[in-house]
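Chemist: I'd like to ask you about the structure that follows.
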Amino acid sequence: MNTRDWPIRAKLTALVVGPVTGLLALWIFATTLTFGPALDLLAARTLLYDLGRPGESVVAELQRERRLSVVQLAGDTALPALAEQRTRTDQAVAELRRRVDGEKLRDAADDLLDTRLDQLVSALDALPAGRGFIDSRKVDRAGAVGLYSGMIGSAFQAFSGMATLPDAELNREALALTALGRSRELLGQADALLAGAITAGRYAEGEHEQLVRTIENQRFLAENAVADLPTAERAGYQRLTEGEGFVRLRALQDTLVRARDLPAGLDVRAWETSYAAVSQGLRDFELRGADTLTERSVPMAVRILVRLAAAGVLGLLAIVVCVLVALRVGRSLDRRLTGVRTAALEMAEHRLPDVVARLRRGEEVDVAREAPELDHGGDEIGQVGRAFNEVRRTAVQAAVDEVTLRRGLNEVFLNIARRSQGLVHRQLALLDRLERRTEDPDELAGLFQVDHLATRLRRHAEDLVILAGAAPGRGWRNPVAAVDVVRGAISEVESYDRVDVGEVQPAGVLGRAVGDVIHLLAELIENATVFSPPGTRVDVTGRSVPGGYTIEITDRGLGMSPPALAEANRKLSRAPEFDPTDSARLGHFVVARLAARHGVRVELRPAVPGGTTAVVLVPSDLVTDEPALGPAPTDGAVGPDDRRMAKVTRLATVPRTRSARPGRDRPESAVLPLPAGRTSSVETPADGDGLPRRVRRRGPAARPRPVAVDNPAYRTPEEARRAMSALQAGTARGRRDGARRAAEPSSPEPSAAPDHPTATERDA
């Protein structure tokens, strides 16, 4: 048994428990050996009065009923005396059953006596059926004798179970009295056999041999039983056998044994008188012996209990002394060692985590105050306490240094992210100017692709801001339509051309959460495109549900295993601290941070028939009615609400179309999403928000850029006129709107607004 890792309290307890347990076991063993016999002696009175006396009465009544039953079977008519005797027998049996079923007798009886009591009750249960056989004469005289003798034998078996006294002399005397009772029972069997033969006028077949065996067994049992009696009781039995009735009965027994047939001159009256006197004398002798035995057992039990009390008190006193000494010796060690352990646990589980939490909140921490000196004495335990004091100070200082390092790392992340954001914003402004000056459609398409890459780069820079624990800079003042939020997220994904916007029910998102929701959706949509085959589509739908607005993003990839899905949902359900060692899925960390900021719930589910569905539940406090899109102002002015689409996405194609599966069966005019009013060859009418939309035509195959400008493709005059008119009208409208916005007073924007206007906003 390895005791090295046991706690000190357990080791000290083991040093005490071993000796004390041994002493206690010896004390209990000695007490049990003495206390058990004392209880047995005290229970002798209970057994005598609750089993011996009622059982003896049942035996006497059964013996009388047996004799009358044999006489009735020997004759031709029913005996009235038998019915009266059966009533007396039933009364005696009922009293015995009441005593046997009582808790007092059962508590005093041991297992052997319990078993024999159950056997006695079972034997008595057969009495009504046996009486029926006798009345219908289905048994002969020998069968009737056997029926009653079996019941009486069960009673004597129970009496023998009472003779389990701890004192050998008392137990031998009890067994001798039981044997005398058995000899009296054999005498009763002989009387029953003789009564039947006298009534019938002859012996039945085998009855004489049975009578002879019964008489011989009765004499043998009586002789052996008397030999075990004490001297006084043996002298009393000797006087009983010298009486006139006993002598006359023995002479009649000798006559019956010698004669093979029923003697003609047998004095029946003398037999009955002698049998009654001898049977009553033996019964009285047995009862007096049982009473004497019981009275002798009580003083003996008292003496045993007195000795037990003396030994028990001395043993218990020794145990108490041992325990007190052990407690006094071990209490000091246990208290001091427990103090060291408590201080260590408090530092590890409470004080040190609290220090780290306060440091992360930016609070100042005093190392000396958080790790005070603890005095545990000058011995070995005190030396351990002093060493632990140094360990505590070192741990607190290490926590301060670690949190300071992490704070510096976050500052580095944030500084790099802010610089990257500034550069990206300047790059986007430069791209806006280049897009404004470019007239060639193919060159403009390339600039838009660079614009899209810069938009994605801005999102990745915002990831660094989120990792550093700060908030991204983009924000909106007014609510934005849910479909525009979805489009804004799609525009920040590399494989945006694989994303299909399905049915998006009308709703609006409050401006303070638009930027974070766009970022959150962009991360999930990009995961869907990355972890699904290139040829598959990604579906995005939105609908209002109780408690908010749900946006579902479904890919057709291989999906995730149940353990991986559960682990991802666990991470998405809370905002964990950034762990640089767990960089495999930074997108999940960013999504969890953004979701926790606004109470958004994100859950990944298996898609049918394959793939994964990301379910985003925007809470109801962030959801409002979809902003209305009115007609363009007659004076040509463009207000803030007219520009909300431009503030959401840089790559929108058409405003707020909500077909069921628009990306699966695209019309011929559908193209790569590009900013409105830039690369179109056909101008469409203005939509409800007042922003014109141009759709670039795309033929069956991609048209290569002309290599030589000297060989232009042939166009009819009508085609050239339409193309130039459309280009001129769009360019003029864009410049006019830009000049108008530059002349208007700028409305104040929140601090979290984008750092520059988008190309779509300027050229709409």
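The values are calculated or read from the model by the stated rules, or taken from the named source; none is laboratory data. Just so it is clear, the structure is predicted and the values come from calculations on it, not from any experiment. Here the Cβ is made from the backbone with ideal geometry for all residues, glycine too, and neighbour counts use every protein chain on show. Accessible surface is based on the protein model in full, side chains and every heavy atom, while ligands, DNA and RNA are left aside. Shrake-Rupley method; radii C 1.70, N 1.55, O 1.52, S 1.80 Å.
Chemist: Please report, as a whole percent, how much of the solvent-accessible surface of the stretch 196-329 comes from carbon and sulfur atoms (probe radius 1.4 Å). Numbers along the way, then the final one.
Modeler: On the way: 4620 of 7730 Å².
Roughly 60 percent of what the probe reaches on the stretch 196-329 is carbon or sulfur.
Chemist: Normalized C-alpha radius of gyration of the stretch 483-566, against 2.2 N^0.38 Å? Mind dumping the intermediate values first?
Modeler: On the way: Rg = 13.2 Å, N = 84, 2.2 N^0.38 = 11.8 Å.
Cα-based Rg divided by the globular estimate yields 1.11.
Chemist: When the Karplus curve 6.51 cos²θ - 1.76 cosθ + 1.60 is applied with θ = phi - 60°, which whole-Hz ³J(HN,Hα) does each residue of the stretch 321-335 get, with x for Gly and Pro?
Modeler: 3J(HN,Hα) across the stretch 321-335, in whole Hz: 4, 4, 5, 4, 5, 5, 5, 5, 6, x, 5, 5, 4, 5, 5.
Chemist: While we're looking at this one, here's another question. Taking N as the number of residues in the stretch 88-152, what is its Cα Rg relative to 2.2 N^0.38 Å? Please report the intermediate quantities before stating the final value.
Modeler: Details: Rg = 14.1 Å, N = 65, 2.2 N^0.38 = 10.7 Å.
In units of the globular-protein estimate, the stretch 88-152 measures up at 1.31.
Chemist: Send over a whole-number figure in Å² for the accessible area per residue of the stretch 420-537, probe 1.4 Å. Mind dumping the intermediate values first?
Modeler: On the way: 4080 Å² over 118 residues.
Each residue of the stretch 420-537 exposes 35 Å² on average to a 1.4 Å probe.
Chemist: Counting only heavy atoms of the protein chains, get the accessible area per residue of the stretch 38-121 (1.4 Å probe) and round it to a whole Å² value.
Modeler: Numbers: 3920 Å² over 84 residues.
Result: 47 Å² of accessible area for each residue.
Chemist: Would you mind getting the Kirkwood hydrodynamic radius of the stretch 392-510 from its Cα pairs, rounded to one decimal in Å? Display every interim value, and only then the final one.
Modeler: On the way: mean 1/r = 0.0574 Å⁻¹.
For the stretch 392-510, inverting the mean 1/r across all distinct Cα pairs yields 17.4 Å.
Chemist: Hey, what's the stretch 215-291 come to in accessible area per residue, 1.4 Å probe, Å²?
Modeler: Details: 4270 Å² over 77 residues.
The answer is 55 Å² per residue.
Chemist: Would you work out the charge dipole size for the stretch 162-235 about its Cα centre, treating the Cβ of every Lys and Arg as +1 and the Cβ of every Asp and Glu as -1, and quote it to the nearest 20 debye? Before the final figure, lay out the partial values.
Modeler: Working: 7 positive and 12 negative charges, 29 e Å.
Value, rounded to 20: 140 debye.
Chemist: DSSP loop (so not H, G, I, E, B), at most 12 other Cβ within 10 Å: list which GluC sites (Glu not before Pro) in the stretch 264-354 pass both filters.
Modeler: Those that pass, being in a loop and sparsely packed, number zero.
Chemist: What ³J(HN,Hα) values, in whole Hz, does the Karplus curve 6.51 cos²θ - 1.76 cosθ + 1.60 give for the stretch 182-193 when θ = phi - 60°, with x put for Gly and Pro?
Modeler: Per-residue couplings from phi come out as 5, 5, 5, 5, 5, 5, x, 4, 5, 5, 5, 4 Hz.
Chemist: Follow-up. Net charge near Ala395: determine it from the other residues with C-beta under 14 Å of the C-beta of Ala395, scoring Lys and Arg +1 and Asp and Glu -1.
Modeler: Details: positive: Arg351, Arg392, Arg393; negative: Glu346, Glu349, Asp354, Glu370, Glu390, Asp401, Glu402.
Taking every other residue near Ala395 into account, the sum is -4.
Chemist: Work out from phi, with θ = phi - 60° and the Karplus expression 6.51 cos²θ - 1.76 cosθ + 1.60, the ³J(HN,Hα) of each residue of the stretch 93-103, listed in order in whole Hz, and give x for Gly and Pro.
Modeler: Going residue by residue, I get 5, 4, 5, 5, 4, 4, 5, 5, 7, x, 5 Hz, with x marking Gly and Pro.
Chemist: Sticking with this structure for a sec: Where nothing but the Cβ of Lys and Arg (+1) and of Asp and Glu (-1) is charged, how large is the charge dipole of the stretch 199-314 around its Cα centre, in debye to the nearest 20? Before the final figure, lay out the partial values.
Modeler: On the way: 15 positive and 17 negative charges, 78 e Å.
Roughly 380 debye, rounded to the nearest 20.
Chemist: To the nearest 20 debye, what is the magnitude of the charge dipole of the stretch 117-192 about its Cα centre, counting +1 on the Cβ of each Lys and Arg and -1 on the Cβ of each Asp and Glu?
Modeler: On the way: 7 positive and 9 negative charges, 74 e Å.
That gives the stretch 117-192 a dipole magnitude of about 360 debye.
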